[in-house]
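Colleague: Take this structure first; my questions come after.
The values are calculated or read from the model by the stated rules, or taken from the named source; none is laboratory data. This is a predicted model, so every value here is computed, not measured. In this analysis, Cβ positions are derived from the backbone assuming ideal geometry, glycine residues included, and neighbour counts consider all displayed protein chains. The area values use the complete protein model at the heavy-atom level, side chains included, leaving out ligands, DNA and RNA. Shrake-Rupley method; radii C 1.70, N 1.55, O 1.52, S 1.80 Å.
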Amino acid sequence: MTRTIVHLVRHGEVENPTGVLYGRMPGFVLSELGKRQALIVAEHLAGNDLTHVVASPLERAQQTAAPITDSHRLTLETDERLIEADNVFEGMRVAVGDGALRSPRHWPRLRNPFRPSWGEPYMQIARRMLAAAYRARARAEGHEAVCVSHQLPIWTLRRFLEGKRLWHDPRRRQCSLASLTSLEFDDERLVAIRYTEPAGASSPKVTGA
């Protein structure tokens, strides 16, 4: 059997002074802390057998991936399937008790948390992320790959692979900034999921982090 590892890396902290849910909006880049977190991840993976690095097309993911590709002298590729989930509240403040969620005109968007009704369906996220992960596995077969993505897509894929329901409490996600959710494969069979936080823990309650 051939052992291959695909590391799903969440991007670093983003400059977001107004605390909006920025989703797929352009122009949201890493903060100074986020840039340091990207370097920490690159240092953490410096001794790994990486042969393939791919990222979401959004700036924060591309910036997080750059130090990793530089340290391994690889070319960064882009996979649209690693992008953040679509969300109708994009550009708004959505913290509980604050912003858009206080307005009755937005409440119909919250009618079905199991799908969810306010954005891209969980199953759709899981399927595109799974396809991206298996493509990365194939590209790095016998070695290791990195896929830089976003909190919700990574967490959704993990729950899917662990056979758990996809709807969940966002405050309980185990997917800190610049964390690694590593998928270990024997040939094409997933044999283990490991989670590490080289840049330390961060709160999933922080809007848009």
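Colleague: So for the range 117-136 (the condition being under 22 Å from residue 76 (Cα atoms), of a type in the set (D, E, K, R) and over 15 Å from the mean Cα position of the chain (by Cα)), does at least one residue qualify?
Modeller: Yes, that holds for at least one residue.
Colleague: Any residue at all in the range 157-169 that's charged (D, E, K, R), in contact (Cβ under 8 Å) with a residue 60 or more places away in the chain and assigned to a loop (DSSP other than H, G, I, E, B)?
Modeller: No, the range 157-169 contains no residue that is charged (D, E, K, R), in contact (Cβ under 8 Å) with a residue 60 or more places away in the chain and assigned to a loop (DSSP other than H, G, I, E, B).
Colleague: Let me ask something additional. Assess whether residue 145 counts as being out of contact with any Gly (no Cβ under 6 Å at 6 or more places or on another chain), buried (at least 21 other Cβ atoms within 10 Å of the Cβ), at pLDDT 90 or above and outside any helix (DSSP H, G or I). I'd like the intermediate steps shown before the answer.
Modeller: Working: out of contact with any Gly (no Cβ under 6 Å at 6 or more places or on another chain): yes; buried (at least 21 other Cβ atoms within 10 Å of the Cβ): yes; at pLDDT 90 or above: yes; outside any helix (DSSP H, G or I): yes.
Considered against the rule, which asks whether it is out of contact with any Gly (no Cβ under 6 Å at 6 or more places or on another chain), buried (at least 21 other Cβ atoms within 10 Å of the Cβ), at pLDDT 90 or above and outside any helix (DSSP H, G or I), residue 145 comes out as yes.
Colleague: Considering every residue within the range 118-137, establish whether at least one is closer than 30 Å to residue 31 by Cα, at pLDDT 95 or above and assigned to a loop (DSSP other than H, G, I, E, B).
Modeller: yes
Colleague: Let me ask something additional. Considering each of 198, 204, 113 in turn, give the residue that is modelled with pLDDT of 95 or more, open to solvent by 20 Å² or more (accessible area, probe 1.4 Å), part of a loop (DSSP other than H, G, I, E, B) and more than 23 Å from residue 79 (Cα to Cα).
Modeller: Numbers: 204 fails: modelled with pLDDT of 95 or more; 113 fails: modelled with pLDDT of 95 or more.
198 is the lone residue from the list that is modelled with pLDDT of 95 or more, open to solvent by 20 Å² or more (accessible area, probe 1.4 Å), part of a loop (DSSP other than H, G, I, E, B) and more than 23 Å from residue 79 (Cα to Cα).
Colleague: Of all residues being modelled with pLDDT of 70 or more and either among the charged types (D, E, K, R) or touching a strand residue (DSSP E or B) at 6+ places or on another chain (Cβ under 8 Å) (or both) in the range 90-110, which is nearest to residue 19 (Cα to Cα)? Just the residue, please.
Modeller: Filtering the range 90-110 for residues modelled with pLDDT of 70 or more gives 90-94, 103-105, 107-110.
Filter once more, keeping what is either among the charged types (D, E, K, R) or touching a strand residue (DSSP E or B) at 6+ places or on another chain (Cβ under 8 Å) (or both): 90, 93, 105, 109.
Numbers: 90: 11, 93: 6, 105: 21, 109: 20 Å.
Ranking the qualifying residues of the range 90-110, first place goes to 93.
Colleague: Sticking with this structure for a sec: Which condition number in (1) assigned to a helix (DSSP H, G or I); (2) touching a residue at least 40 places away in the same chain (Cβ under 8 Å); (3) surrounded by fewer than 22 Cβ atoms within 10 Å (Cβ to Cβ) is the one that residue 153 fails?
Modeller: Every condition holds for residue 153 apart from (3).
Colleague: What are the residues in the range 15-54 that are open to solvent by less than 10 Å² (accessible area, probe 1.4 Å), farther than 21 Å from residue 74 by Cβ and β-branched (Val, Ile, Thr), if any?
Modeller: Residues satisfying the conditions do not exist here.
Colleague: Taking the range 39-71 on its own, how many of its residues are touching a residue at least 24 places away in the same chain (Cβ under 8 Å) and either over 17 Å from residue 199 (Cα atoms) or not in a helix (DSSP H, G or I) (or both)?
Modeller: 17
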